[in-house]
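Each remark here refers to the structure printed beneath this line.
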Amino acid sequence: MDGKKSEDLSGAKQEMEVSAASSSTCCGRSVRLPRPKGLPNLLITKACLLALLYGVVWSITGSECLPGGNLFGIIVLFICAVLGGKLVGMIQLPTLPPFPPLLGMLLAGLLLRNVPYVTDAVYIDTHWSAALRNIALAVILTRAGLGLDPTALSRLKGVCVRVAMGPCMVEACIVAIVSHFLLGLPWIWGFILGFVLGAVSPAVVVPSMLLLQREGYGVEKGIPTLLMAAGSFDDILAITGFSTCLGIAFSTGSTWMNLLKGVLEVMGGMVAGLVLGVFITCFPSMDQEDLVLRRTMMLLGLSVFAVFFSHVVGFAGAGGLCTLVLAFLAALGWKADKGPVAALVGRSWDIFQPLLFGLIGAEITISTLNAKTVGLGVACISVGVVVRLLVTCLLVHFAGFNLKEKLFISVAWLPKATVQAAIGSKALDMAREEGDEVLINYGLDVLTLAVLAILITAPIGALGIGLAGPRLLQRRLQDESEGRATPQESNVIGPEKEMVFYESKL
């Protein structure tokens, strides 16, 4: 009882001290000042911090932070992209999973670019935009390299290799042929477009597979693991093909020399990645302080440097491959210690993701688009997607999956987003550096179709995975009483289970 009384007296004393501190004396009277708490205090604090940050930057840069300046445009674009992503992510229709936030980021940039008067105030120089998109490319490729599982890579056989390579290569060839005859693109530009559209999106597929795996859907036959492992190789193949074709398209000289340069870009990128990967596993050493932070800064710094330096030396396609190999070897050398580094790289992606998709959307001016180009572009995308679905279903035909599982794998191999945003504008940036109007028009066609592919396939793929997974895959439930996993058919699920699954996606 004495201890409780002393605690009460101590609490009352502290409350009196706080009350006295928040009061002031006026004409001999004690006046209590209002002190907001909770959410109002948080909002006011964040608003003051943002205003203070803007004021400091404005006082240093001057007109660059005013409407029409580059920094002002980047800040407004970033804020609008973040808000757009959150708003789209909050949209949830009955019995449907939420839309991917990257669509909101893309649409935010598209609106800022095409709303009258706003587009004049939100101006971003093309060199600034290209530099930011290249940094975002380095970050996403670093994440992809860190995410490669060497154990899964060593077990890649049969169906995983087929799923990783077959649909991407077939779609790239089909899109190249269709775009050559419908859009009039040269063959090499048709293959550039084909490899841009041939990559599956890890931003949509991987989180969806992790959620299905957590709920036990398809785990019995390893479908989530299969798609996540094959997805990494699918993206690497698409980026490699894109880099090779890009090097050929912007090379001068004979065709054989251009092909040789493409091979040299691939080999040079891999060799540079090997050297830098071995270097980063040794430096910094394990005995240094702030090891995770230093490793992250070293990894991101080398990745960004590789992407930009490859442009300087004229081997633009080598930078992406160098970054992938570098990050993979770094993760292989750090082994179990790669987790904290991957988490910090993921935080940097949270910053550059809104910038990447916002800048991609801001590259499209609706008034300059040709309706014929858009219509034929949608036709190209549709033909490529249909062929991709059929080829995927065919390639997993003899892998021990039933018809429903084959259909799900085909649907899960549909969405496109991250890779298209990362490399879709690269050809346009290089064309602008060349100053050739014909090449710039080709680059705009590639970028336009990349944006259309994101807008069409990302929501369809995300919704398709969310709806088809619980209906087409078997669910393995954990039997707590017996301590073993039991498979269960989950082709039809009740509303309660479906609601729990979709709430987990939020």
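For the stretch 312-396, a simple Cβ point-charge model (Lys and Arg +1, Asp and Glu -1, everything else neutral) yields a dipole of about 140 debye relative to the Cα centre.
Summary of the geometry: the stretch 384-417 and the stretch 189-227, compared by the centres of their Cα atoms, lie 11 Å apart.
The length gained by stretching the chain between Val278 and Ile91 to full extension, at 0.36 nm per residue less their Cα-Cα distance, is 62.8 nm.
Per residue, the solvent-accessible area of the stretch 217-353 (1.4 Å probe, heavy atoms of protein chains only, all protein chains present) comes to 46 Å².
For a quick protection proxy, order the peptides 355-361, 163-169 by their average other-Cβ count within 10 Å, most packed first. Display every interim value, and only then the final one.
Values: 355-361: 27.9, 163-169: 22.6.
Taking the mean over residues of other Cβ atoms within 10 Å, the ranking is 355-361, 163-169.
Quick one: which of Lys221/Lys416; Lys221/Lys406; Lys261/Lys426; Lys37/Lys86 span more than 22 angstrom between C-alpha atoms? Show your work: numbers first, answer last.
Numbers: Lys221/Lys416 25 Å; Lys221/Lys406 12 Å; Lys261/Lys426 18 Å; Lys37/Lys86 25 Å.
In this structure, Lys221/Lys416; Lys37/Lys86 lie more than 22 Å apart at Cα.
Here the peptides 439-452, 211-224 are ranked by packing, the mean other Cβ count within 10 Å, and the order with the highest first is 439-452, 211-224.
Order the peptides 107-118, 331-342 from the highest to the lowest mean number of other Cβ atoms within 10 Å of their residues.
Values: 107-118: 17.4, 331-342: 15.9.
Result, highest mean first: 107-118, 331-342.
The values are calculated or read from the model by the stated rules, or taken from the named source; none is laboratory data. Note that the structure is predicted; figures quoted are calculated from it, not measured. No Cβ is skipped: glycine too gets one built from the backbone with ideal geometry, and neighbour counts run over all protein chains shown. Keep in mind that these areas ignore ligands, DNA and RNA; they rest on the heavy atoms of the full protein, side chains included. Shrake-Rupley method; radii C 1.70, N 1.55, O 1.52, S 1.80 Å.
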